[in-house]
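First comes the structure, then the notes that go with it.
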Amino acid sequence: MSDLKNVQPLSDFNWDEFENGAAGASREELEKAYDTTLNNIQEQQVVEGTVISVDKKEVVVNIGYKSDGLIPASEFRYNPELKVGDKVEVYVESQEDKKGQLVLSHKKARLAKSWDRVNAALENEEIIQGYIKCRTKGGMIVDIFGIEAFLPGSQIDVHPIRDYDIFVGKTMEFKVVKINQEFRNVVVSHKALIEAELEAQKKEIISHLEKGQILEGTVKNITSYGVFVDLGGVDGLIHITDLSWGRVSDPHEVVALDQKINVVILDFDDEKKRIALGLKQLTPHPWDALDPNLKIGDHIKGKVVVIADYGAFVEIQPGVEGLIHVSEMSWSQHLRSAQEFLHVGDEVETVILTLDREERKMSLGIKQLKEDPWEAIEVKYPVGSKHTAKVRNFTNFGIFVELEEGVDGLIHISDLSWTKKVKHPSEFTTVGADIDVVVLEIDKDNRRLSLGHKQLEENPWDNYEAIYTPGSIHKGVIADVMDRGAVITLNEGGEGFATPKHLVKEDGSQAQKGEELDFRVLEFVKDAKRIILSHSRTFEDVKDDYKPARKHNNGGRKNDSAAQINNVAAGTSLGDLGVLADLKAKMEKGE
């Protein structure tokens with residue numbers, strides 16, 4: 001209160017005028033005078049203002065109006081260098097809101113002029129600043145003058161970008177490279193700014209390139225076929241075969257992204273746009289470091305790295321490989337695939353078969369680790385010895401069997417059975433089945449055994465000779481009937497043959513398949529394994545009974561007619577044996 005007591009009234013204040021309303025200018029005059037001191041501000045107008053305050057949330061801008069405007073700090077993200085005193089363009093949205101506050105927008109001010117500025121930047125190749133707002137499919141969204149522009153992933157840098165997120169929130173320099181006027185789409189590039197500088201650097205590097213030159217580079221990209229290396233603005237390719245002296249299935253096994261490596265220039269085209277690089281060439285060739293004492297016949301271990309039908313490649317040491325041909329994997333002569341013996345990754349012991357250090361070639365074998373079964377074939381499989389073999393395959397003339405790996409034999413179709421007539425070996429056995437055999441003959445040069453199966457049993461035809469004498473009668477069953485006759489299975493064993501004439505029964509009917517009847521032996525030929533039979537001769541008159549042909553003393557030769565009879569009787573399909581019997585009877589009467 002003491003301060004109020006010391007306040008003194010103005011000595012020249014005119015109280016009369018004040019009481020009469022004339023103490024000075026009227027309120028209207030005062031408001032008019034006040035308004036003339038302010039800028040003439042219109043809504044929806046872009047004006048320039050001065051930044052008077054900056055914090056994390058808001059930016060205060062003075063445009064010379066009775067109140068200052070507040071603008072969200074987010075509208076200035078593209079310009080992190082904004083400070084007090086900077087001039088900025090603002091858009092007047094409202095001179096006064098409900099709170100009496102001037103409402104401004106920097107974003108709308110930028111948008112009002114941004115399209116013209118973007119087009120001018122493209123035309124003048126101007127370098128502009130932009131704020132990377134977020135990621136999108138294939139690239140980034142960049143704020144340029146308030147316009148959302150697209151930054152393709154390939155245009156961020158000269159190097160492939162693997163982590164886009166590290167760029168979000170950054171302010172960078174860009175060039176406008178494309179504008180779609182119809183849809184107002186803008187494409188920008190940061191890479192374009194770098195390329196001009198790199199182009200000059202690239203020309204400098206290319207001008208000094210020489211074959212055999214060793215340079216340091218950075219692994220830029222890794223593909224299935226090789227590695228791209230940045231030599232400082234110039235890219236070169238290390239083909240997968242030039243990464244290592246050994247086999248490489250995946251380049252990632254040898255190098256990593258962004259790794260710095262030394263490379264040697266192997267070749268380049270005339271314009272030096274394609275540069276072939278090598279990494280393995282910086283180390284000596286492994287063949288040069290191969291043990292000089294290695295020789296043919298030595299045993300050596302390795303790892304199977306590649307399998308093909310014709311063989312397997314075995315890595316003795318990185319960069320040194322030998323081929324095991326499929327024929328050197330087994331003593332067997334059967335055509336087989338290498339996959340049946342080895343697999344990629346197998347550790348194997350091998351024998352060196354050939355070694356050419358100049359050509360850098362080596363052939364290996366694994367069957368040589370076992371004894372050749374044919375070296376002592378006569379000892380293990382002597383003629384007459386009996387064995388069990390496995391059926392490998394059939395031919396029309398016999399069965400190929402395997403006694404053990406590398407030892408094959410052939411059973412001829414005629415050596416399958418003493419009695420059964422085998423038309424094809426598949427009637428007798430199956431592929432993969434076991435079969436008992438006896439060694440008949442050894443062909444060591446061709447590595448083949450002649451084998452028999454029927455020889456495991458006695459030849460029943462030795463017994464048949466005493467049983468089936470011409471004229472004797474035996475019971476048999478008609479097993480098969482054909483146009484030229486029938487096959488009869490005899491009860492004592494073996495098969496015989498009768499022509500249709502000799503299948504007529506006593507009542508005149510024809511014997512049928514499956515009937516059991518008596519049969520008379522007309523002829524027995526042991527060597528041909530042939531028995532000629534007749535049912536009709538078992539009941540005809542005694543005068544027609546079988547009588548063997550008699551020999552005549554005519555200089556050691558048979559009578560021509562008798563010889564004719566015997567020859568005809570010997571053929572199972574020639575003539576009618578009844579006619580022959582009549583002919584013989586007439587001859588006997590003539591004698």
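Descriptive notes on the structure:
- Of residues in region 179-197 being without any contact (Cβ under 8 Å) to a residue 12 or more places away in the chain and either part of a strand (DSSP E or B) or of a type in the set (A, V, I, L, M, F, W, C) (or both), the one surrounded by the fewest Cβ atoms within 10 Å (Cβ to Cβ): Phe183
- Remark: Phe497 falls outside the filter, which requires a residue to be touching a helix residue (DSSP H, G or I) at 6+ places or on another chain (Cβ under 9 Å), open to solvent by less than 60 Å² (accessible area, probe 1.4 Å), over 30 Å from Glu405 (Cα atoms) and part of a strand (DSSP E or B).
- Any hit, region 371-388, residues being within 22 Å of Leu323 (Cα to Cα) and over 34 Å from the mean Cα position of the chain (by Cα): yes
- Of residues in region 146-160 being β-branched (Val, Ile, Thr) and closer than 22 Å to Val234 by Cα, the one modelled with the lowest pLDDT: Val158
- Residues of region 410-438 that turn out to be assigned to a loop (DSSP other than H, G, I, E, B), aliphatic (A, V, I, L, M) and out of contact with any His (no Cβ under 8 Å at 6 or more places or on another chain), as a count: 3
- Out of Val51, Val90, Val60, Val142, sole residue that is touching a Leu at 6+ places or on another chain (Cβ under 7 Å), outside any helix (DSSP H, G or I) and within 30 Å of Arg162 (Cβ to Cβ): Val142
- Test: residue in region 345-364 that is farther than 30 Å from Thr430 by Cβ, open to solvent by less than 80 Å² (accessible area, probe 1.4 Å), free of Cβ contacts under 8 Å to residues at least 24 places away in the same chain and of a type in the set (Asp, Glu): yes
- Hits in region 117-139 - residues which are closer than 22 Å to Glu75 by Cα, under 48 Å from the mean Cα position of the chain (by Cα) and either assigned to a helix (DSSP H, G or I) or not basic (Lys, Arg) (or both): Gly130, Tyr131, Ile132, Cys134, Thr136
- Filter pass, Glu123 being over 30 Å from Phe228 (Cα atoms) and open to solvent by 30 Å² or more (accessible area, probe 1.4 Å): yes
- Residues satisfying the stated conditions in region 264-298, i.e. touching a residue at least 40 places away in the same chain (Cβ under 8 Å) and either β-branched (Val, Ile, Thr) or in a loop (DSSP other than H, G, I, E, B) (or both): Val264, Ile265, Lys272, Ile275, Leu279, His285, Leu290, Leu294, Lys295, Ile296, Gly297, Asp298
- Residue ID - most open to solvent (accessible area, probe 1.4 Å), chosen from residues in region 381-395 that are in contact with a helix residue (DSSP H, G or I) (Cβ under 8 Å, 6 or more places away or on another chain) and under 16 Å from His412 (Cβ atoms): Phe394
- Selection status of Glu148, open to solvent by 10 Å² or more (accessible area, probe 1.4 Å) and farther than 28 Å from Ala196 by Cβ: no
- Test: Gly302 is of a type in the set (Gly, Ala, Ser), touching a Leu at 6+ places or on another chain (Cβ under 9 Å) and assigned to a loop (DSSP other than H, G, I, E, B): no
- In region 500-544, residue most open to solvent (accessible area, probe 1.4 Å) [restricted to those that are part of a loop (DSSP other than H, G, I, E, B) and within 21 Å of Pro460 (Cα to Cα)]: Asp527
- Of all residues in region 389-409 being of a type in the set (Gly, Ala, Ser) and assigned to a strand (DSSP E or B), the one that is farthest from the chain's Cα centre (by Cα): Gly398
- Residue satisfying condition, being over 60 Å from the mean Cα position of the chain (by Cα), surrounded by 17 or more Cβ atoms within 10 Å (Cβ to Cβ) and modelled with pLDDT under 85, within set Tyr65, Tyr78: Tyr65
- Checking Gly85 against (1) modelled with pLDDT of 85 or more; (2) of a type outside the set (Lys, Arg); (3) within 25 Å of Gly169 (Cβ to Cβ), the condition it does not meet: (3)
- For region 437-461, filtered to residues that are open to solvent by 80 Å² or more (accessible area, probe 1.4 Å) and more than 50 Å from the chain's Cα centre (by Cα), the residue that is nearest to Ser417 (Cα to Cα) is Glu457.
- Among the residues of region 467-476, none qualifies, meaning not one is open to solvent by less than 20 Å² (accessible area, probe 1.4 Å), touching a strand residue (DSSP E or B) at 6+ places or on another chain (Cβ under 8 Å) and of a type in the set (A, V, I, L, M, F, W, C).
- Hey, Ser414 under 29 Å from Met329 (Cα atoms), touching a Gly at 6+ places or on another chain (Cβ under 9 Å) and among the small types (Gly, Ala, Ser) or not: no
- Qualifying residue in region 334-342 (condition: open to solvent by 70 Å² or more (accessible area, probe 1.4 Å) and aromatic (Phe, Trp, Tyr)): no
- Residue count for region 198-256, restricted to those that are part of a loop (DSSP other than H, G, I, E, B), open to solvent by 50 Å² or more (accessible area, probe 1.4 Å) and either in contact with a Pro (Cβ under 9 Å, 6 or more places away or on another chain) or among the charged types (D, E, K, R) (or both): 7
- Region 493-518: number of residues that are under 26 Å from Ser417 (Cα atoms) and out of contact with any strand residue (DSSP E or B) (no Cβ under 8 Å at 6 or more places or on another chain): 1
The values are calculated or read from the model by the stated rules, or taken from the named source; none is laboratory data. Model, not experiment: these values are computed from the prediction. Positions of Cβ are generated from backbone atoms using ideal geometry, with glycine treated the same way; all protein chains shown enter the neighbour counts. Please note that ligands, DNA and RNA were not included when accessible areas were found on the heavy atoms of the full protein model with its side chains. Shrake-Rupley method; radii C 1.70, N 1.55, O 1.52, S 1.80 Å.
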